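Accompanying notes for the structure given below.
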Amino acid sequence: MKKICSIFILLLISNLAFANVSLPNFISDNMVLQRNSEVKIWGWASPFEDITIKPSWTTQEYKAKPTVDAYWEVLIKTPDAGGPFIINFKGYNELTIKNVMSGEVWFCSGQSNMEWTASQGIDNAEEEIAKANYPNIRFFTAPKLSSHYPQMNVPGNWSACTPQTMKYFSAIGYFFAERLQKELKNIPIGIINSSWGGSPAEVWIPELYVKKDPVIAEAAAKVDPVPWSPVEAGRTYNAMIYPFVGYKIAGVLWYQGEANVGSDVYDKTLGGLIKAWRTEWKDDFPFYLVQIAPYKYDGGDYHAAVIRDAQRKVTTQLPKTGMISINDISTTEDIHPRNKRPVGERLANLVLSDVYTLNKGIVNGPLYKSVSTKGNKLTIYFSNAAGLRFKGKTSAQFEVAGRDGRFYQASAKIEKESIVVTSKEVRNPVKVRYAWRNTATADVFNSAWLPMSTFTSE
């Protein structure tokens, strides 16, 4: 018996000693690494193994030794934009990943409007698909998965942008990448899409972060079960976000909120998500939102306006955040607006201005800053307000309220970069709001014809 046990132990040690070096699926052929950075590369191998990593863009070799749980990681300096490169990994086995590019990596997430592909139907779909030949734009799509526990890997592979691959990738992610590559002079762009249609924000937040915040936890407990998405806190985070944590990215694009219509604390929930992701990544990366579009939601006339205003408020509360409004380019009849190109391009223009410091002029619509009161008049001040203008002769979207909190429609007049509002029904107004209905579409713009965001001064 002792001899049999000894043989078993020797075989076990032998198998461990010669375990293959392995990598996450997204550290693979065709991937894009964040340029001019120190990026983390990681994987698994036997705890006894010495691993050598050789990137082709440098003569430097990197060494790694797995921990007792078979995990290893190294930090590697990446070059300026370029490629293709190879990276060789050698332990007891040897593997090489090819066609690696150095460029800009952006992470897309949210629900169905971020997930939406050209194959599902977008404006000018056939024309857009046919011209989608960009070998230096690379896609990685995470499949829909959920888990009670954080996962170490996610299925999938990187692919170059062709008409066939673009057809089944996030349309907004593609249009964003196309615009970015054009303006950044054809540098490689990597887009990771990890989205799930109909998912509430809470499933994308680590469960521990939800539990330790009473406001977010209470909101999470109120999310009703649905047949198309998990609703328990952290479930999609564990399977679709956690595996990527640590992969160096330029920033995040987020389009979600429709599934949270009805929440009065979405700004706390979304703010918690942003802070949690940054904490987990140990990176204060930029985070950009798409404001949800007007739509005929059930359950009340203004719940979607509350979400839109919550999204606006998050960008005033957290650094390195921004938002685009699309209440001028979407139909109120479809929760999935098909006009995706301007959404991706508006995101790209905002990023090009904020992150890459290119002068793109005005890249966002007017955003509420403050209000002052004088007699029966309220004067509202905005950022991005150069060339304020109405779509028609005036705006029908402003309402004011006195101290009783009852809102009445107001007349609006533009005065340079501010708007003065009055109402015959409210002698001493103290509050103002704009586009405060689920289906409200923009009728105020700036000189770039970008729409004003929903807001309330409450």
- Query: Can you name the residue in the range 116-145 that is assigned to a loop (DSSP other than H, G, I, E, B) and polar (S, T, N, Q) and is also nearest to Tyr242 (Cα to Cα) among such residues?
  - Reply: Asn133
- Message: Just to be sure before I move on: is Ile335 assigned to a loop (DSSP other than H, G, I, E, B) and not assigned by TED's automatic domain parsing to the domain that holds Ile172 in the structure I sent?
- Response: no
- Item | Subset tally (residues that are among the aliphatic types (A, V, I, L, M), within 21 Å of Arg437 (Cα to Cα) and in contact with a strand residue (DSSP E or B) (Cβ under 8 Å, 6 or more places away or on another chain)) for the range 309-346 | 4
- Task: Of the numbered conditions (1) surrounded by fewer than 18 Cβ atoms within 10 Å (Cβ to Cβ); (2) in a strand (DSSP E or B); (3) not aromatic (Phe, Trp, Tyr), His148 fails exactly one; give the number of that condition.
- Result: (2)
- Across the range 368-390, the tally of residues that are surrounded by fewer than 19 Cβ atoms within 10 Å (Cβ to Cβ) and assigned to a strand (DSSP E or B) stands at 11
- Residue satisfying condition, being in contact with a Pro (Cβ under 6 Å, 6 or more places away or on another chain) and either modelled with pLDDT of 95 or more or assigned by TED's automatic domain parsing to the domain that holds Ile241 (or both), within set Ser353, Ser330: Ser330
- Scan the range 188-211 and give yes if some residue there is modelled with pLDDT of 95 or more and over 30 Å from Tyr266 (Cα atoms), otherwise no. yes
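Residues that are hydrophobic (A, V, I, L, M, F, W, C) and closer than 22 Å to Arg346 by Cα: does the range 148-166 have at least one?
yes
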- Message: Checking the condition of a type in the set (Ser, Thr, Tyr) and not in a loop (DSSP other than H, G, I, E, B), which residue from Tyr242, Tyr247 passes?
- Response: Tyr242
- Query: Within the range 185-193, is there a residue that is farther than 24 Å from Ser22 by Cβ, surrounded by fewer than 20 Cβ atoms within 10 Å (Cβ to Cβ), touching a Ser or Thr at 6+ places or on another chain (Cβ under 6 Å) and assigned by TED's automatic domain parsing to the domain that holds Phe244?
  - Reply: no
- Of the residues in the range 25-40, those that are within 20 Å of Tyr71 (Cβ to Cβ) and among the charged types (D, E, K, R) come to Glu38, Lys40
- Query: Before we move on, is Trp254 part of a strand (DSSP E or B) and touching a Gly at 6+ places or on another chain (Cβ under 8 Å)?
  - Reply: yes
- Item | Candidates Ala233, Ala201, Ala250 - the one that is closer than 23 Å to Asn157 by Cβ and crowded, with 20+ Cβ neighbours inside 10 Å | Ala250
- Taking the residues in the range 127-155 that are hydroxyl-bearing (Ser, Thr, Tyr) and out of contact with any Lys or Arg (no Cβ under 6 Å at 6 or more places or on another chain) as candidates, determine which candidate is nearest to Asn186 (Cα to Cα). Tyr134
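The values are calculated or read from the model by the stated rules, or taken from the named source; none is laboratory data. Everything numeric here is computed off the predicted structure, so don't read it as measured data. Heads up, the Cβs are rebuilt from the backbone with ideal geometry, glycines too, and the neighbour counts pull from every protein chain shown.
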